[in-house]
Ligand code: ADP
């Protein structure tokens, strides 16, 4: 078993606190995605786990082995941790086989290892003699993964490995990498600034901000119950509205909604995800959902981004506007009066 346990990890670079008291647990063979804005400390966390930097404080334990305790660390080359970076970092003058076998013990059957690694990442064996520039971006990333896997790592660190690929390829390479890691039973930590990628890749998502880990948990839990509005927005589009909290319900500009109130009353904010909003033609009889007007419509192929403008009377008469996605071939046009209905409950902050 190779559970990863990071406790109380801190790291400064001069005046910059890159990591502040970060604790994270990843069960053996599971997939964790670390997501956060640029400069939030994601790469520093990965580099400390890899052994490229020393922590100022804190501990990193993999399985039974303590890799770091404060500034006392096990060197990177003795950790048996694989890493795949954004550009794959292949040696340009070596072919695929040489890249994969580079640094592997000469006594090993390197040819067999190379072929096995290629099979693991589902790369055609016929590519062994190609140089990196003769491969597509997706193939290069698969070679980088094969190179890391050939060393039989206990943990795989993935530092934005898909970000240089175009959208379609990115999706398929990501799925193949996930499948390969699952098949060989190696746990992984993926660093990404793409929330959709984090949510679809991981068993556990860890959100970082200003060097701190602000929330970690199952993707669905984080998406529906983020710890604060900033985390909500970090993980996808969010509609955040003012709220008056009663016992087990909440008054909002979209009417009365169900929410877990935990005995709280008073004022607060409530979050809905855009897919909870349904627009219906205004019935004219004053019944049904809350009245609104359709604002700008941004066509995006099968769906369009529709802005909904709410004249809110009960919360200080403010004009509220939020965006949702609708099928492009149906729905109201710009300027139409609509009625807004909410499916499900909201999440209170
Ligand atoms: P992220 O990966 O989320 O973009 P990083 O971990 O790269 O964030 O950086 C976190 C903070 O630490 C940033 O303010 C960055 O400028 C700083 N930092 C990272 N590495 C170094 C370094 N080697 N020297 C000085 N500052 C660094």
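Which of rounded, prolate or oblate describes the stretch 134-255 when judged by the alpha-carbon gyration tensor and an a/c cut-off of 1.5? Each step should come with its number before you reach the end.
Numbers: a/c = 3.05, a/b = 2.33, b/c = 1.31.
Since a/c reaches 1.5 and a/b is larger than b/c, the shape of the stretch 134-255 is classed as prolate.
Across every pair of different alpha-carbon atoms, what Kirkwood hydrodynamic radius in Å does the stretch 208-307 reach?
Details: mean 1/r = 0.0628 Å⁻¹.
One decimal place: 15.9 Å for the Kirkwood radius.
The chain: Rg/Rh from Cα coordinates, Kirkwood Rh?
Working: Rg = 24.6 Å, Rh = 22.9 Å.
Across the chain, the Cα-based Rg/Rh ratio is 1.07.
Could you order the peptides 108-114, 271-277 from most to least packed, using the average number of other C-beta atoms within 10 Å per residue?
Values: 108-114: 14.3, 271-277: 19.1.
Packing order, densest peptide first, comes out as 271-277, 108-114.
Between residue 227 and residue 328, what FRET efficiency follows from the Cβ-Cβ distance if R0 is 41 Å, with the result rounded to 0.05? Can you show the working numbers first?
Working: r = 34 Å, r/R0 = 0.84.
Efficiency at R0 = 41 Å is approximately 0.75.
Would you look at the GNM of the chain, springs on alpha carbons closer than 10 Å, and say which of 224, 262, 157 moves the most?
Checking each option, the largest mean-square fluctuation is seen for 262.
For the chain, what is the relative contact order in percent, using Cα pairs closer than 8 Å and at least 6 residues apart in sequence? Provide the component values of the computation, followed by the final result.
Details: 751 pairs, mean separation 53.6, N = 349.
That works out to 15 percent.
Determine the distance separating the Cα centre of the stretch 135-177 from the Cα centre of the stretch 38-72; give it in Å without decimals.
Spelled out, the Cα-based centre of one part sits 23 Å from the other.
Decide, for the stretch 103-157, between rounded, prolate and oblate: order the square roots of the alpha carbon gyration tensor eigenvalues as a ≥ b ≥ c, take rounded if a/c falls under 1.5, and otherwise choose prolate if a/b is larger than b/c, else oblate. Display every interim value, and only then the final one.
Values: a/c = 1.88, a/b = 1.29, b/c = 1.46.
Since a/c reaches 1.5 but b/c is at least a/b, the shape of the stretch 103-157 is classed as oblate.
Choose one answer from 263, 331, 246: the residue with the largest mean-square fluctuation in a GNM of the chain with alpha-carbon springs under 10 Å.
263
Between the alpha-carbon centers of the stretch 4-27 and the stretch 311-340, tell me the distance in whole angstrom.
Comparing the Cα centres of the stretch 4-27 and the stretch 311-340, I get a distance of 43 Å.
Mind telling me which of 92, 229, 55 comes out most flexible in a GNM of the chain, alpha-carbon contacts under 10 Å?
92
Is the shape of the stretch 67-167 rounded, prolate or oblate, going by the alpha carbon gyration tensor and its root eigenvalues a ≥ b ≥ c, with a/c under 1.5 for rounded and a/b larger than b/c for prolate?
Details: a/c = 2.18, a/b = 1.34, b/c = 1.63.
Verdict is oblate for the stretch 67-167.
Estimate the FRET efficiency between residue 134 and residue 196 by the formula 1/(1 + (r/R0)^6), using the beta-carbon distance for r and 45 Å for R0, to the nearest 0.05.
Working: r = 31 Å, r/R0 = 0.69.
Between residue 134 and residue 196 the formula returns 0.90.
Among 302-310, 177-185, how do they line up by average Cβ neighbours within 10 Å per residue, starting with the highest?
Values: 302-310: 17.1, 177-185: 15.3.
Per-residue Cβ counts within 10 Å, averaged per peptide and sorted highest first, yield 302-310, 177-185.
Values in this text are rule-based calculations from the coordinates and carry no lab data. Here the structure is a predicted model, which is why all the values come from computation and not from measurement. With ideal geometry, Cβ positions are generated from the backbone for all residues, glycine too; neighbour counts draw on all protein chains shown.
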